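Values quoted throughout were computed directly from the atomic coordinates according to the rules given, and no laboratory measurement underlies them. Bear in mind that the values here come from a model prediction, so they are computed numbers and not experimental data. Methodologically, a virtual Cβ is constructed for each residue, glycine included, from the backbone with ideal geometry; neighbour enumeration extends over all protein chains shown.
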Amino acid sequence: MADIRVEHLHKEFGTGVEKVVALDDVNLDVSGHVFVSVVGPSGCGKSTLLNVLTGIENPTRGKVEITHEGRDAFPGYVFQSPRLLPWRSVMDNLIFVHKDRSKETRERCRRYLGMVGLEDRGSKYPGELSGGMQQRVGIARAFSTEPDVLFMDEPFSHLDAITARSLRRELHDMWKATKKTVLFVTHDVGEAVELSNRIVVFAKGGTIKDDITVDLPFPRDPADQDVAIAKADVLRKFEELDLIAT
Amino acid sequence: MAVAAASRPAAWPARIIRSRRTARFLFPLVVLAVWQLAFMFLETAVLPSPGKVLSFMWDEVRMDTLSRHTLYQSFAISLGRLIVGFLIALAIGLVIGLLMGLVRPIEYFLYDVVVVVLAVPSLVWALITGLLFGLGNNAPIVTVIGVGIPFVILNVLEGVKNSPKELFDMSRAFRVPRRRVVRHVLLPSLMPFFFAALRYGFANGWKGLVLAEVFASTNGAGWTIRYWYDAHRAQGVLGYALFFVLFALILERGVFERVSRYVFRWRPQAQLEVVEEAVPEAKLKVATVEAERMAADRGTG
Ligand SMILES: Nc1ncnc2c1ncn2[C@@H]1O[C@H](COP(=O)(O)OP(=O)(O)O)[C@@H](O)[C@H]1O
Ligand SMILES: [Mg+2]
């Protein structure tokens, strides 16, 4: 678990006429064993937020602090595409992001591969797996480092509906079992309602427009009436905020 | 069932005729047959019979030759020059290519020059280096460098441009140490371009080398083919031409293909040929076409 504190965060790309404001005065506090979704139309700065939080990009202005018991928290990141090294085996891809390749590390990697149902694919190259399996390897990789905080950027958006659905269930179970802080980016409101305690709504220009608490028991079945109602509520808020293009 | 009928394996004669291997082996046989027919019906004094050429080649293989150097000496000398020249081209090209890939102004400054150098015919390299250095090792080696460098530069440049940013970002997010990133991300990502540079640079360097040896050397494979030409031995010229072909084949199939199959063993089979060659070759073709267009512009303008 970790504490995420973001204060007056600005991120700009380019200068002069080419300047793009990706994040505009973003303030966010997330802590403990929560699953927070970040929702918003594409191009509104969701990926940029995760990139700044994980240190891939530096902020233009503002403060970002991610701590775990007073020290810098160690992040895990699941990307929109698997981002595996195609020339390394599945197992080596997991080991690649670990501190060492000791016996314990290997054992742990094997365990997380098992959690996503790929224990027997460790020696395969990523190119020998289907897209859904590769994405699962990406998820196992992020979990295997046992990070304090997990960032996920539309991890299921490239997958077919059935695979996405079963991976959502797996993700929820792993979140519950490992007690992680999760920041989950998606543009799918249904997915956000199904998985999260809290939904942060982004708008074009990189500003936070709303912060919704979803207070329903897990596991949530999308066909359930309560879940459907909650989803409709969130969508209505989107309309009020004028976020849905007509 | 229609589906089963469509996918039923073909009868063996059809399979053999259709197989890629058969087609490959058939080609030299067709060439030999046409050659034999031409020899019989044209009654020319210049064209030697396939038999005569093959027997010349057999003598050469057994080191029974009139020339000053055996077949093996000649090819060893040439191969040595090729390797030395290409290693130098690789070193210089790597530095220039990296600089061009990493520093924009340097790329703008040098790109056109590189493209023009790529368009210089190997014959021109051979003649100019011959004039500059006279007989000896220098002209052939410098020709290999001149011919090889643009291939190395353009491929390294392409490799840097295609560097997998998303994998670097991934490594950064997971706090992977820099040394491991260089070894497991950067270097493997450059391999396809390195191999393209190696293959095209080597093949073209070889052509330039032979020409340079014809004009500006007293030994080597190029010199030897010139020796048979001066001696009016058509079977010697043709025999050596065939040795060149064999040499290129051995290098390509025996060395490059094997090494590349091992290095790129992670690639899914279907992707193999497409990814490895298509990208750099297409780029080089573009570069060459561009160079030719520029040369044409200058010619008319
Ligand atoms: N590396 C970059 N260079 C320049 N502009 C960028 C870069 N990354 C993102 N942007 C711009 O920042 C804005 C937000 O992008 P992004 O965070 O990817 O949006 P989202 O993930 O919500 O779809 C977009 O306008 C995008 O074009
Ligand atoms: Mg995005």
With respect to B:Arg24, determine if the residue is more than 30 Å from B:Ile145 (Cα to Cα), within 25 Å of the chain's Cα centre (by Cα) and of a type in the set (D, E, K, R).
yes
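For region A:14-58, how many residues are polar (S, T, N, Q) and either more than 30 Å from A:Arg169 (Cα to Cα) or away from chain B (no Cβ under 14 Å) (or both)?
Going through region A:14-58, the residues polar (S, T, N, Q) turn out to be A:15, A:27, A:31, A:37, A:42, A:47-48, A:51, A:54, A:58.
Still in the running and either more than 30 Å from A:Arg169 (Cα to Cα) or away from chain B (no Cβ under 14 Å) (or both): A:15, A:27, A:31, A:37, A:42, A:58.
Of the residues in that region, 6 qualify.
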So, in region A:76-85, exactly how many residues are in contact with a strand residue (DSSP E or B) (Cβ under 8 Å, 6 or more places away or on another chain) and more than 8 Å from chain B (Cβ to nearest Cβ)?
2
If a residue must be under 29 Å from A:Thr186 (Cβ atoms), among the hydrophobic types (A, V, I, L, M, F, W, C) and part of a loop (DSSP other than H, G, I, E, B), how many such residues does region A:66-124 contain?
8
Number of positions in region A:165-196 that are in contact with a His (Cβ under 9 Å, 6 or more places away or on another chain) and either over 21 Å from A:Arg111 (Cα atoms) or within 16 Å of ligand 1 (Cβ to nearest atom) (or both):
2
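Yes/no matrix, rows are residues, columns are (1) within 13 Å of chain A (Cβ to nearest Cβ); (2) of a type in the set (Ser, Thr, Tyr); (3) not in a helix (DSSP H, G or I):
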position	(1), (2), (3)
B:Asp169	yes, no, no
B:His184	yes, no, no
B:Phe193	no, no, no
B:Tyr200	no, yes, no
B:Gly205	no, no, no
B:Leu209	no, no, no
B:Glu213	no, no, no
B:Ile225	no, no, no
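I'm checking my understanding of the structure. Among residues of region A:91-103 that are basic (Lys, Arg) and more than 10 Å from chain B (Cβ to nearest Cβ), which one is farthest from B:Arg267 (Cα to Cα)? Let's see the steps before the verdict.
Keep residues of region A:91-103 that are basic (Lys, Arg), which gives A:99, A:101, A:103.
Now narrow it down to the ones that are more than 10 Å from chain B (Cβ to nearest Cβ): A:101, A:103.
Working: A:Arg101: 24, A:Lys103: 28 Å.
In this case the residue turns out to be A:Lys103.
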Anything in region A:176-229 that is in contact with a strand residue (DSSP E or B) (Cβ under 8 Å, 6 or more places away or on another chain) and more than 14 Å from A:Val36 (Cα to Cα)? List them, or say none.
A:Ala203, A:Gly205, A:Gly206, A:Thr207, A:Lys209
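Only one of A:Arg5, A:Arg61, A:Arg88, A:Arg106 is surrounded by fewer than 21 Cβ atoms within 10 Å (Cβ to Cβ) and within 14 Å of chain B (Cβ to nearest Cβ); which?
A:Arg88
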Does A:Asp211 meet the test of being free of Cβ contacts under 8 Å to residues at least 40 places away in the same chain, out of contact with any Asp or Glu (no Cβ under 8 Å at 6 or more places or on another chain), under 22 Å from A:Thr54 (Cβ atoms) and more than 16 Å from ligand 2 (Cβ to nearest atom)?
yes
Taking first residues from region B:204-233 that are under 23 Å from B:Leu249 (Cβ atoms) and second residues anywhere that are in a loop (DSSP other than H, G, I, E, B) and of a type in the set (S, T, N, Q), the pairs with Cβ under 6 Å that are 6 or more apart or on different chains are B:Trp223/B:Ser217; B:Thr224/B:Ser67
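In region A:13-54, what residues are in a strand (DSSP E or B), within 9 Å of ligand 1 (Cβ to nearest atom) and either touching a residue at least 60 places away in the same chain (Cβ under 8 Å) or not β-branched (Val, Ile, Thr) (or both)?
Start the filter on region A:13-54 by keeping residues that are in a strand (DSSP E or B), which leaves A:13, A:20-31, A:35-39.
With within 9 Å of ligand 1 (Cβ to nearest atom) added as a condition, the list becomes A:13, A:20-23, A:38.
Scanning region A:13-54 gives A:Phe13, A:Val21, A:Ala22, A:Leu23, A:Val38.
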Test of understanding: among A:Val26, A:Val30, which residue is of a type outside the set (Lys, Arg) and within 16 Å of ligand 2 (Cβ to nearest atom)?
A:Val26
Only one of (1) assigned to a helix (DSSP H, G or I); (2) farther than 30 Å from A:Ile56 by Cβ is not met by B:Leu135, so which one is it?
(1)
